[in-house]
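First comes the structure, then the notes that go with it.
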Amino acid sequence: MKQFDFLILGSGIAGLSFALKVAPRGRVAIVTKKSRAESNTNYAQGGIAAVTSKEDSVEAHVRDTLEAGAGLCNESVVRTIVEEGPARIAELIELGMRFSEREIPESGGAKELDLGREGGHSKRRILHAKDVTGREIERALLAAVAAQPNIEVFENHFAIDLITSQKLGYVGENRCVGVYVLDNASGAVETFSAGAVLLATGGCGKVYLYTTNPDIATGDGVAMAYRAGAVIANMEFIQFHPTCLYHPKAKSFLISEAVRGEGGVLKDFNGVEFMEKYHPLKSLAPRDIVARAIDSEMKRSGAEHVCLDITHKPAKFIIERFPNIYQTCLQYGIDITKEAIPVVPAAHYQCGGVLTNIDGETEIQGLYAVGEVSCTGLHGANRLASNSLLEALVCAHRAAEKCLANPPAKNHLKIPDWQFGQAHNPDELVVVSHNWDEIRRLMWDYVGIVRTNKRLQRAAKRIANLQEEIQEYYWDFIVNSDLLELRNIATVAELIIHSALQRKESRGLNYNLDFPNANPDLAQRNTILRRS
Ligand code: FAD
Ligand code: SIN
């Protein structure tokens, strides 16, 4: 058994930030299922929203967040995260993060942070590193982690399940005491034990056929927490990003909202602008509205994509501001300085997750959750662009402070080794790949941008059957990461479907044709699911 003071699952912005804060006070393990930089964080483009300009205010950022959240944000959480953002940004810069700067006009060459704009923001407030903000965040955080002797990073280690006192058969409060982890290289399942465990496993974009997310985003943290008895909230609110590159060879490549922030305009297949039909902010309307508008235009015209046109801007500006998008599109034969970019909506962000307070505490003692895996109340029914990196930074800091202020008691529970039982090597891997594809298509077709009761009920029936088959397979065969991910996407798909069935209204990202309006008298604001 490997014993640590702090055990962190995930090496994105949430996990790494937390690790750096607790490392001076104990031994830290970071368990991450692929290489250390591989995370949603690494692909973030637009940037981090924070109030750093004299023209901006906390009040304005709070107002924009509440507006996007469609009545479901927790206002005090919003206020705290927005207020504490600038201090956390200053720490990140101190650590070595290099945000893009611009020359202050008529200042003789003095520089200030360059602030971008995105949908739903009333001010320019997005700090960015050109269009590769996430890559630069990971670089800076990983360099700082490497300099910390107290932190050990376990790459290619897959967290299978949380070990809790209740699962071990103890009565009384449920406490998380460790995690079973698959070492992908050896196939061995190791036991990690720690006084405090942080879930920082990110989101679940891969539950959908089309997504902006990399392969790691299979909702493992939500599935593990659900199995352990934690409360899961608001999983119906899956955010679809309006502009993912449409090209047969491009896998999940995002075209940042910052392109629209800098003047990019959405046009239909025939080059005609359409967003004025849907919202006064046109191409910069909140994301849920833009994604639905594109979906509706595509369904109406039968076109396979719409277009995003920024060719009216000078080529030099486009290439300097969006070097990654420019180069990537060019690889696919699209010169974005000369032609419009074909785009489609794709699953992007999980607004719900493991229910926590603002300090990342879950209902299970010793278990914290921070970042996309968590549901703090910041995003409500729809996340404001670039608020997620901000939430992860602020909440990682708060969770670390909480954890250090209440040092976890030493674990005296006896933890058994992982039992392989009668399991043998899988004989028909086609079962895994078939079910994997079926779930992702089912979710895209029946539980996508526009929902109906009938489609949701069909999806619920299908997923119940698939779950049965997957569970049987799980118990019969020796685990590997494909099977574990399949088991997790099935669980998360089920949680999304059942949450969407419970919400009998259209609000924010949950749009159901059978309940086209928001219910003004909601008895219960959050959709809550807990394993019975
Ligand atoms: P992640 O960064 O996703 O990290 C999760 C980590 O957990 C990974 O290391 C992963 O390998 C590991 N992991 C997962 N499961 C397991 C397991 N079972 N065992 C071990 N390890 C596991 N947000 C913004 O605010 N601004 C942006 O500009 C922005 N742009 C984005 C662009 C793209 C293309 C995408 C996909 C997202 C973007 N987002 C943006 C959202 C934002 O990047 C994420 O919400 C945020 O990075 C999540 O950080 P995290 O630390 O919670 O999770
Ligand atoms: C983007 O750059 O469009 C992504 C921003 C976000 O998801 O917050």
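The values are calculated or read from the model by the stated rules, or taken from the named source; none is laboratory data. Computed from a predicted structure; not experimentally measured. As a convention, Cβ positions derive from the backbone with ideal geometry for all residues, glycine included, and neighbour counts pool all protein chains shown.
When the range 433-449 is examined, which residues are found to be within 17 Å of Ala346 (Cα to Cα) and either part of a loop (DSSP other than H, G, I, E, B) or out of contact with any helix residue (DSSP H, G or I) (no Cβ under 7 Å at 6 or more places or on another chain) (or both)?
Matches in the range 433-449: Asp437, Arg441, Trp444, Asp445, Val447, Gly448, Ile449.
Would you mind stating whether Arg383 is within 30 Å of Ser283 (Cβ to Cβ) and within 16 Å of ligand 1 (Cβ to nearest atom)?
yes
Hey, can you tell me all the residues within the range 1-49 that are more than 6 Å from ligand 1 (Cβ to nearest atom) and among the small types (Gly, Ala, Ser)?
Matches in the range 1-49: Ser17, Ala19, Ala23, Gly26, Ala29, Ser35, Ala37, Ala49.
Considering every residue within the range 263-284, establish whether at least one is at pLDDT 95 or above, of a type outside the set (Phe, Trp, Tyr), in contact with a Phe, Trp or Tyr (Cβ under 7 Å, 6 or more places away or on another chain) and within 15 Å of ligand 1 (Cβ to nearest atom).
No, the range 263-284 contains no residue that is at pLDDT 95 or above, of a type outside the set (Phe, Trp, Tyr), in contact with a Phe, Trp or Tyr (Cβ under 7 Å, 6 or more places away or on another chain) and within 15 Å of ligand 1 (Cβ to nearest atom).
Of all the residues that make up the range 37-89, how many are outside any helix (DSSP H, G or I), within 16 Å of ligand 2 (Cβ to nearest atom) and not aliphatic (A, V, I, L, M)?
Looking only at that region, the number is 7.
Please give the strands (runs of 3 or more DSSP E) falling wholly within the range 140-198 in which 2 or more residues are buried (at least 20 other Cβ atoms within 10 Å of the Cβ), under 26 Å from the mean Cα position of the chain (by Cα) and not β-branched (Val, Ile, Thr).
On the way: elements: 151-154, 157-164, 176-183.
Because the criterion is at least 2 residues that are buried (at least 20 other Cβ atoms within 10 Å of the Cβ), under 26 Å from the mean Cα position of the chain (by Cα) and not β-branched (Val, Ile, Thr), the strands (runs of 3 or more DSSP E) in the range 140-198 that meet it are 157-164, 176-183.
Counting only residues that are within 21 Å of the chain's Cα centre (by Cα) and more than 10 Å from ligand 2 (Cβ to nearest atom), which one in the range 245-270 is nearest to Gly302 (Cα to Cα)?
Leu245
Could you pull out the residue among Lys21, Lys34 that is modelled with pLDDT of 95 or more and in a helix (DSSP H, G or I)?
Numbers: Lys34 fails: in a helix (DSSP H, G or I).
Answer to the check: Lys21.
Can you tell me which of Ser165, Ser193, Ser186 is more than 16 Å from ligand 2 (Cβ to nearest atom) and out of contact with any strand residue (DSSP E or B) (no Cβ under 9 Å at 6 or more places or on another chain)?
On the way: Ser165 fails: out of contact with any strand residue (DSSP E or B) (no Cβ under 9 Å at 6 or more places or on another chain); Ser193 fails: out of contact with any strand residue (DSSP E or B) (no Cβ under 9 Å at 6 or more places or on another chain).
The match here is Ser186.
Mind checking whether some residue in the range 108-119 is in a loop (DSSP other than H, G, I, E, B), buried (at least 16 other Cβ atoms within 10 Å of the Cβ), touching an Asp or Glu at 6+ places or on another chain (Cβ under 6 Å) and modelled with pLDDT under 95?
Yes, the conditions are met somewhere in the range 108-119.
Based on this model, can you work out whether Asp521 counts as in contact (Cβ under 8 Å) with a residue 40 or more places away in the chain and exposed (fewer than 14 other Cβ atoms within 10 Å of the Cβ)?
no
Only one residue in Ile325, Ile318, Ile336 is in contact (Cβ under 8 Å) with a residue 12 or more places away in the chain, part of a helix (DSSP H, G or I) and buried (at least 24 other Cβ atoms within 10 Å of the Cβ). Which one?
Values: Ile318 fails: buried (at least 24 other Cβ atoms within 10 Å of the Cβ); Ile336 fails: part of a helix (DSSP H, G or I).
The match here is Ile325.
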